[in-house]
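Notes to accompany the following structure.
Please treat every number below as a calculation from the coordinates, not as lab data. Here the structure is a predicted model, which is why all the values come from computation and not from measurement. Neighbour counts run over all protein chains shown; Cβ positions are idealised from the backbone, glycine included.
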Amino acid sequence: MMTIKELQDMYADGYNTVSMSVWNVYLADNDQGWIEVPETFSSDGSGSDVTIANYRYFREKYNNSPDVRFISGSMSTQGVVYNSNTDNITLSEIVDSLTEYPVIDDELLAEVTLELIDEVWESVYSHDFKNGLIERFEVWDIEISDENLMSEFDTVREELNEEWVNYQNSMQIDIQAIIDAVNRNQFLATYVTEVNI
């Protein structure tokens, strides 16, 4: 059986990163003591804001630890494994705590959640919200700043108590409910200088 150091030298893309295939073939379920850290694995189609936040925590706190390794794979797969034979009591306590409560750092989770919301707003929902208003109000040449668009979205979202929900490493919300709740007259009156009817 190869040691993890030998595997790193052969396959790793960084000091402490091991490919998923190497993990599955050489390290998992062997007598070296390396096991997966719960709530740290994610990919393009799995995981959550929690797993991303926990992974980032380990990257920030244990990036150079000899007892922690980071797994990478296809479809943006990432995760953390650690040496269960470690003498690092704090590390062991952190890993053990994840069986009781899945979040290591609540502030970091909040930060990650906001990043995911910003990302999906810019890539999907700002476009969907604006086009939904154009279609609903039949105002085809509407022009509104990104800042005002998001302000309107957030105002209506809060009035409806619509919450962002994490799904497979991204955030989702009922955008149609928010579009339907926007008051036409108030919206056009507020942005009259930016709207041509």
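A few points about this structure:
- Ranking of Lys61, Lys130 by neighbouring Cβ atoms within 10 Å, starting from the fewest: Lys61, Lys130.
- Maximal additional length on extending the Leu114-Ala181 stretch stands at 21.8 nm, based on 0.36 nm per residue less the C-alpha distance.
- For segment 108-194, radius of gyration divided by Kirkwood radius, i.e. Rg to Rh on alpha-carbons: 0.98
- Dipole-positive endmost among Phe70, Val103, Val124 within segment 34-126 (Cβ charges, Cα centre): Phe70
- Cα centre as origin, Lys/Arg/Asp/Glu Cβ charges: segment 108-194 dipole, Debye: 260
- Shape call, segment 56-151: gyration tensor on alpha carbons, a/c limit 1.5: prolate
- The orientation-averaged projected area of the convex hull spanned by the Cα atoms of segment 29-92 comes to 4.5 nm².
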